[in-house]
Amino acid sequence: MAAIKKLPHENGLTLKERMESFCRESVEKGILFPEALDQFERCFITEALRRNNGSIIRTAAALGIHRNTLSKKIREWRG
């Protein structure tokens, strides 16, 4: 597993630096923690699902969570 601080991006910033910038911007804009966390989780899981061609089982394994947990989150988002 790669350390977050060691993942460079095309603009030269590491993932850690980009995340810190995102967090600063979110706080400055008054975004509440639960809202930011929910948005990050949705984005993260959506990308993992895309990379695993929508497979719940493979995505859950890639994320290190149980497939039932992933399925529950997806159901909650669909409301």
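From zero up to wherever the largest Cα-Cα distance of the chain sits, split into 5 Å bins and tell me the percent of pairs in each.
Histogram of Cα-Cα distances, whole percents per bin: 3, 14, 17, 20, 19, 18, 9, 1.
Taking 20 °C and 1.002 mPa s as the conditions, I'd like the Stokes-Einstein D for region 33-79 in µm²/s, using the Kirkwood hydrodynamic radius from alpha carbon pairs. Please report the intermediate quantities before stating the final value.
Values: Rh = 10.7 Å.
Answer from the Stokes-Einstein relation: 200 µm²/s.
Per DSSP H run of at least 4 residues, take -39500 (n - 2.57); add these up for the chain, divide by its residues and hand me the 222 nm value, nearest 500 deg cm²/dmol.
Working: 4 runs with 53 residues, N = 79.
Taken over the chain, the calculation gives -21500 deg cm²/dmol.
Each reported figure results from applying straightforward, stated rules to the coordinates on display, with no laboratory input. The structure presented is a predicted model; accordingly, all values stated were derived computationally and were not measured.
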